[in-house]
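**Q** This structure is in C-alpha cells; I'll ask about it shortly.
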Amino acid sequence: MKKSSLKFGLIGILVAFAIVPVLILGIVGTFSVINYSNDVRMSELSDVSLSKAGIVNTLFEGYQSTATALSKMDNVISSAQNKSYDGLYELKAAIDDNPDLYDALIIDNTGTVITSAMNKENGTFENFNADNMPAVSGILSWEKYDFNSMFISHEIYADPDNKTGGLLGYVCLVVSPQADSGLMTALGGTYLDGNAHLVLVDSDGNALNFDGNGTVMKASEVDSSFVSDAKTIFEKVETTTSDKDAAKNVYTKKGGKYAYAAGAVPNVPSWRWVGVANASSFKAFASKTNIVAWIVVIVSALGASAIGFIIVNKFVGNMDGMLKKMNNINFDEGLNSMRFDVKNDKSELGMIQHSFNELIDEVNLNSQRYRTIANLSDNMLFEWDFHKESMYVSDNMLTKFNLNPEMAALSNGRFLDSLMSQEDAEKYKRDINTLLKNKTKLSSEYQLQTKSGATIWVSLSATCITDRLGDPLRVIGVITDIDNEKKMEMQLSERASFDFLSQLYNRSTFIRMLTSELDRRGPNRIAIMFIDVDDFKFINDRYGHTVGDEVIRYVADTIRTKVDDRGGFAGRFGGDEFVLCFTNQDDIANAEQIAMDIIDELYVGYTTTDGILINVRASIGISYCPEHTTDVNDLLSFSDTAMYFVKKNGKTNYHVYVPEDSESGDYIDPDGY
C-alpha cells in the first residue's frame, strides 16, 4: 500500500468511527436521557428529603421522650391522683427546656385540665378523646390558644413502669410549629436548585411548610391537588417503628403538577413527610441534560477526528519501518515477551528499542527489590493501583490475615473492613475517603482479626500518590502490629482510674464520671450517697493496718453490689470515705432503703483472715439532683454534710440533706479522719 493511500485510508476510517457512533449514540441517547435524568432527579429528591426527614424524626422523638419522662415523675403522678398542682414545676421546666413547647398540661381521664404550665387549667381539654388519645395529633384549632398547633400525649399510671394502678390521666404537650420553631427550622430550606422543599402533612390534609416559608396551613388553605395526593400518600406509606423501615418505605410520584417523595415519621401515625418539587423542573433538567450531552458528544467527536488527523499525518511516514521492527519482538513468557531484538542500536529506532529494553530490565529489578524488602520487613505493606484497580499485599500480611486482594476496591473502602468490627470499619472507610479526597497522608489505629481468630491492635500509615494533575495514582500503606504496646497503654490508663486498695474509682475519676452524668441527665434524677466507716481509727489501732485494709475492701465489695449492672458507680475518696452515684430511677426512689441495707449488711460483720469477727458500722449522707443542687461540688458537699449530721447524732444511721445541716457548724470527727 502506498503511503498516501495508507494515510487517507486511516483518516477515513478514523472519521467514520468518530462520526457514525455519535449519530447512533445521539439518537438512542435522546430517548433514554430524559427518563434517566428524571430518575436521577427523583432519586435526589428522595435521598435529600429522607435525610431532612431524619431531623424531623429526631424532634418528634424528643417531644415524645419529654412526655414519657413527665408521665413517670412522682409530682406529675401525684397531680393526676390528687387533682392538685404538684407537677406544675416539672411542666414549666419542660417547656423552658424546649422552645417548641408552648404549654404542658396534666389532664385527668375525663379530659379535665388539672394543671397547666400556661395557666389553662380548670376546664376541659378541647381535643380530648376518651376512646383514642393519639400519641401525636395532627394540626388542630383551639379556643384556648390563638394559633393552630398539635399536641403530644402520654398516659399517666400510678405505677408507670408496669402500667398498673389504673389510668389516672394524660400528660399533654402543646407544640407550637411557628416559623422560628425547631420543627419549622428542620423543614426549612430548598434543594434541587431551589425547586423542592420538605412538607409535613397530617391525615386531614393540614400541612406545615407547604409554601416553603414555614407557614401552618389548614387543609382548606392548601392546594387541592396536594390535599388529594396526601390521601393517596397515607394509603401508600405505612406507619413504621424505625428509621430503617422508614428508609425502605418511600413513595414517589412524578406525574401531575407536583413530583413527590414521601415517607413515614417512625412511631407517628398521624403525620407523613413529603418532599415536594415542581414537576416542570424535572422536564427542564432533562432537556438541559440532553442538550449538554449532545454538545459534549459532538465536540468530543470533532476533537478526536482533528487529533487523529494530526497524528496520522505526522507518524504515517515512519509506520512501515516501525512495523518491520515491531515484527522482530520476541513474544516469550514474562517480561522478555516485551523486549525488542535490537538489530541496529545506532539508528533512532534502535536507540528507542534499546532504551525500552533497559526500562523493562529496571522495572523488573525494582519489582523484585520491592517485594524482597516487603517480605523481609516486620511491617506489612500494601499498594493499590488506581489505573489497574488492583491490590498488591506483602506475603507476611497474607500469612497473618485472611485477605483476598482480588476483592479489594480501595475507592469504596473495601479491603481491611472485612477484618474489623462495624464501628472500626466505618471509621476506616471515613479515613480512606478523607485520604483520597485530601490526597494527603493517613495515620490511624484499628483492631483487626487474624487468621487464628485473635483480635489485635494495628497502626496503619498510608499516603496517596498523585499525577501532575492531582488525580490519585496509587495508595501505599504500611501496617504495624502494635498490640502489645496498645494493651499495655490501655492497662496503664485503666489502673490510673482506680483506687488500688478498694478497686473502686479514685476521687478524680469519680468526679469526672459524676460531672458527665449531670451534663447528660436531662429530666432524670441523680442520687449521691456519702459513706464513712464509724470508729475506723479504733479498728486500725486495735487490729492493725492489715485488718484495716481488709475492712476497706469488705466495705468496697459490699457497696459495689448496689451499683453494679444498674447504671451507677462507686468510688473511694481516701481513708474510710466512700461515695456512690445512683442513676437508676428505681434505686433513687429507694435510696433510703438502700442506705439501711448497706448499714445492715456491713453490721453483719466481716471475719478477718485471723478469724476475728468485726461488725462494721457506717454513717451515710444522701443528697439528690436536682432537688438539692445541679452543681457537682455542691452535690458532694451536701451529702458529706448530711453524713456528718449522722456522726453528730449517734452514728450508724443515714440522713437526707436539708439546708439547715449546712448551718449547724463544722463537725470534728473523734476518729481523727
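**Q** Would you confirm whether any residue within segment 116-123 is under 11 Å from SER153 (Cβ atoms), crowded, with 16+ Cβ neighbours inside 10 Å and of a type in the set (A, V, I, L, M, F, W, C)?
**A** No, segment 116-123 contains no residue that is under 11 Å from SER153 (Cβ atoms), crowded, with 16+ Cβ neighbours inside 10 Å and of a type in the set (A, V, I, L, M, F, W, C).
**Q** Condition test on VAL76, is it within 20 Å of ASN122 (Cα to Cα), in a helix (DSSP H, G or I) and open to solvent by less than 20 Å² (accessible area, probe 1.4 Å)? So that I can check it myself, show each step before the final result.
**A** Values: within 20 Å of ASN122 (Cα to Cα): yes; in a helix (DSSP H, G or I): yes; open to solvent by less than 20 Å² (accessible area, probe 1.4 Å): yes.
When the stated conditions are applied, VAL76 passes them.
**Q** If you go through segment 243-258 one residue at a time, do you hit one that is touching an Asp or Glu at 6+ places or on another chain (Cβ under 9 Å) and in a helix (DSSP H, G or I)?
**A** Yes; the residues of segment 243-258 include at least one that is touching an Asp or Glu at 6+ places or on another chain (Cβ under 9 Å) and in a helix (DSSP H, G or I).
**Q** Go through segment 262-309 and report how many residues are part of a helix (DSSP H, G or I), surrounded by 14 or more Cβ atoms within 10 Å (Cβ to Cβ) and at pLDDT 75 or above.
**A** Count: 1.
**Q** Quick test for you: out of ARG560, ARG507, pick the one residue that is among the basic types (Lys, Arg), in contact (Cβ under 8 Å) with a residue 40 or more places away in the chain and under 20 Å from ASP600 (Cα atoms).
**A** ARG560 is the lone residue from the list that is among the basic types (Lys, Arg), in contact (Cβ under 8 Å) with a residue 40 or more places away in the chain and under 20 Å from ASP600 (Cα atoms).
**Q** Another question, if that's okay. May I ask you to list the residues in segment 213-235 that are more than 18 Å from SER176 (Cβ to Cβ) and open to solvent by less than 30 Å² (accessible area, probe 1.4 Å)?
**A** Answer for segment 213-235, where residues must be more than 18 Å from SER176 (Cβ to Cβ) and open to solvent by less than 30 Å² (accessible area, probe 1.4 Å): ALA219, VAL222, PHE226, VAL227, ALA230, ILE233.
**Q** So, LYS231, is that one closer than 30 Å to SER71 by Cα and assigned to a helix (DSSP H, G or I) or not? Show your work before the answer.
**A** Numbers: closer than 30 Å to SER71 by Cα: no; assigned to a helix (DSSP H, G or I): yes.
It is false that LYS231 is closer than 30 Å to SER71 by Cα and assigned to a helix (DSSP H, G or I).
**Q** While we're looking at this one, here's another question. Is it true that TYR85 is open to solvent by 40 Å² or more (accessible area, probe 1.4 Å), over 24 Å from GLN178 (Cα atoms) and not in a helix (DSSP H, G or I)?
**A** Details: open to solvent by 40 Å² or more (accessible area, probe 1.4 Å): yes; over 24 Å from GLN178 (Cα atoms): yes; not in a helix (DSSP H, G or I): yes.
Yes.
**Q** Is it true that ARG512 is without any contact (Cβ under 8 Å) to a residue 24 or more places away in the chain, within 30 Å of ALA69 (Cα to Cα) and surrounded by fewer than 12 Cβ atoms within 10 Å (Cβ to Cβ)? Full working, then the answer.
**A** Numbers: without any contact (Cβ under 8 Å) to a residue 24 or more places away in the chain: yes; within 30 Å of ALA69 (Cα to Cα): yes; surrounded by fewer than 12 Cβ atoms within 10 Å (Cβ to Cβ): no.
It is false that ARG512 is without any contact (Cβ under 8 Å) to a residue 24 or more places away in the chain, within 30 Å of ALA69 (Cα to Cα) and surrounded by fewer than 12 Cβ atoms within 10 Å (Cβ to Cβ).
**Q** For segment 616-632, enumerate the residues that are of a type in the set (Val, Ile, Thr) and either surrounded by 22 or more Cβ atoms within 10 Å (Cβ to Cβ) or without any contact (Cβ under 8 Å) to a residue 40 or more places away in the chain (or both).
**A** VAL616, ILE620, ILE622, THR629, listed by residue number.
**Q** Now for a separate question. What do you reckon, is SER141 touching a residue at least 60 places away in the same chain (Cβ under 8 Å), hydroxyl-bearing (Ser, Thr, Tyr) and either open to solvent by 40 Å² or more (accessible area, probe 1.4 Å) or closer than 19 Å to LEU70 by Cβ (or both)?
**A** Details: touching a residue at least 60 places away in the same chain (Cβ under 8 Å): yes; hydroxyl-bearing (Ser, Thr, Tyr): yes; either open to solvent by 40 Å² or more (accessible area, probe 1.4 Å) or closer than 19 Å to LEU70 by Cβ (or both): yes.
Yes; evaluated as a whole, the condition is true for this residue.
**Q** Is one or more of the residues making up segment 377-390 among the polar types (S, T, N, Q), part of a loop (DSSP other than H, G, I, E, B), modelled with pLDDT of 85 or more and open to solvent by 50 Å² or more (accessible area, probe 1.4 Å)? Spell out how you get there, then give the answer.
**A** Of all residues in segment 377-390, those among the polar types (S, T, N, Q) come to 377, 379, 390.
Filter again for part of a loop (DSSP other than H, G, I, E, B), leaving 377, 379.
Those left that are additionally modelled with pLDDT of 85 or more: none.
Within segment 377-390, not a single residue is among the polar types (S, T, N, Q), part of a loop (DSSP other than H, G, I, E, B), modelled with pLDDT of 85 or more and open to solvent by 50 Å² or more (accessible area, probe 1.4 Å).
**Q** Regarding segment 588-605, can at least one residue be identified that is small (Gly, Ala, Ser) and free of Cβ contacts under 8 Å to residues at least 24 places away in the same chain? Working first, answer last.
**A** Within segment 588-605, the first condition is being small (Gly, Ala, Ser), and the residues that meet it are 589, 591, 595, 605.
Checking which are free of Cβ contacts under 8 Å to residues at least 24 places away in the same chain leaves us with 605.
Yes, that holds for at least one residue.
**Q** While we're on this one: Under the condition of being more than 16 Å from the chain's Cα centre (by Cα) and among the polar types (S, T, N, Q), which residue from segment 38-66 is surrounded by the fewest Cβ atoms within 10 Å (Cβ to Cβ)?
**A** Ranking the candidates gives SER43 first.
**Q** Inside segment 556-673, counting only helices (runs of 4 or more DSSP H) that do not spill past its ends, which hold 3 or more residues that are touching a Lys or Arg at 6+ places or on another chain (Cβ under 7 Å)?
**A** Numbers: elements: 585-589, 591-604, 632-648.
Answer list for segment 556-673: 585-589, 591-604.
**Q** Something else: Tell me whether segment 464-476 contains one or more residues that are closer than 16 Å to LEU381 by Cα, out of contact with any helix residue (DSSP H, G or I) (no Cβ under 9 Å at 6 or more places or on another chain) and in contact (Cβ under 8 Å) with a residue 12 or more places away in the chain.
**A** yes
The values are calculated or read from the model by the stated rules, or taken from the named source; none is laboratory data. Values in this document were obtained by computation on a predicted structure and should not be read as measured data. No Cβ is skipped: glycine too gets one built from the backbone with ideal geometry, and neighbour counts run over all protein chains shown. Side chains included, ligands, DNA and RNA excluded: accessible areas come from the protein's heavy atoms. Shrake-Rupley method; radii C 1.70, N 1.55, O 1.52, S 1.80 Å.
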